[in-house]
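Novice: Have a look at this one before I ask anything.
Taken together, the values in this text are just the output of simple stated rules run on the coordinates, not laboratory data. All figures in this text were calculated on a predicted structure; none of them were measured in a lab. All Cβ positions, even for glycine, are placed from backbone atoms using ideal geometry, and neighbour counts span all protein chains on display.
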Amino acid sequence: MALVKTSALVSDIRGKLGGSVFQNSASGLVIRNLTKCKNKASKLQQEQRAATNQAQKDWQALNSSNRAKYKSLGQLAQIRQKNIYKRLVSAHSLFIKSNSVLIRYGLSSVSNPALNQSEITPIVATLTNNAGSLILGLDRNLVFADELLVLFISSPVIDSISTPRNRMRLIVFTQSSTNSFDITSVIANVFGAVPSTDEFVFMKYYICGKKTPIFGPETIIKTTIL
């Protein structure tokens, strides 16, 4: 950055010149290097944006009959807006929210949702470090044809931290009709290491229907690695 002296002929300079920009400061008129805005979006944000954009495209391609089904689905399930709880969520919002999750797991948007799916059974999950392998355990088998387990996990935290804030990351892993999943490689890829026994992590999870894309009860806990 350099200080620029003005004269009677030129009392002020503004704008850009080459790779520099003129700027007024407390010291007077200065010229500094022009910096470009950096895209600070994280990989997580980029993936979320890509999934949302794809869901938006899928919504635009949806016919009026199937859009009406999403409206009916929101009414049947009594899915309400987050900020205005008295109001039911719109068909568009329900479609984008649920299908962007499916897309992030490598699935396609549900264009023709079933309206007769039974209520989603809640699930309880645990994390166990088994000789260096991180095992996600469920209290029942996942119904792979109908259910997607949406899972968020944080890196290890100290015991005094009581809220997850923005620490959790979506964990995309291969699923099947079972109650035990080895997520070691996924966790190592996301966080660089696998949490050890007795360490604390935050975990959020819920079931998303594959044929009727609505969310089951959500669980957010700070859990100990077994």
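Novice: What FRET efficiency comes out for the pair GLN54/PHE200, r = Cβ-Cβ distance, R0 = 35 Å, nearest 0.05?
Specialist: 0.50
Novice: In the structure displayed, which of LYS69/LYS97; LYS43/LYS71; LYS71/LYS204 lie more than 22 Å apart, Cα to Cα?
Specialist: Beyond 22 Å: LYS43/LYS71; LYS71/LYS204.
Novice: Provide the FRET efficiency to the nearest 0.05 for the SER72-HIS92 pair, computing r from the beta carbons and using R0 = 22 Å.
Specialist: Computed FRET efficiency for SER72 and HIS92 comes out at 0.95.
Novice: Sorting check: for 156-162, 128-134, 54-60, which peptide has the highest mean count of neighbouring beta carbons within 10 Å, and how do the rest follow?
Specialist: Highest-to-lowest ranking by the protection proxy: 54-60, 128-134, 156-162.
Novice: Between ILE220 and ASN179, what is 0.36 nm times their sequence separation minus the Cα-Cα distance? Round to one decimal in nm.
Specialist: Extending this stretch completely gives an extra 12.8 nm.
Novice: Shifting gears a bit: For LYS210, which sequence-distant residues (separation of 5 or more, or a different chain) have an amide H within less than 5 Å of its own amide H, given hydrogens modelled in the peptide plane?
Specialist: Answer set, sorted by chain and number: GLU147, LEU148.
Novice: Now a separate question. Principal axes first, then extents: for the Cα atoms of segment 125-224, list largest minus smallest coordinate on each axis, whole Å, largest first.
Specialist: Projected onto its principal axes, the Cα set of segment 125-224 covers 39, 29, 23 Å.
Novice: Can you sort SER98, SER177 from fewest to most other Cβ atoms within 10 Å of each residue's own Cβ?
Specialist: SER177, SER98
Novice: Another question, if that's okay. For segment 146-226, build the charge dipole from Cβ charges (+1 Lys, Arg; -1 Asp, Glu) around the Cα centre, then report which of THR212, PRO164, PHE202 sits farthest towards its positive end.
Specialist: So the residue furthest toward the plus end is THR212.
Novice: So, with +1 on the Cβ of K and R and -1 on the Cβ of D and E, and no other charges, what is the size of the charge dipole of segment 125-224 about its Cα centre, to the nearest 20 debye?
Specialist: With Lys and Arg at +1 and Asp and Glu at -1, about 320 debye.
Novice: Here's another thing I want to ask about it. Which of ILE96, LEU73, ALA61 sits closest to the plus end of the dipole of segment 44-104, meaning its Cα is farthest towards the positive end, when Lys and Arg get +1 and Asp and Glu get -1 on the C-beta?
Specialist: LEU73
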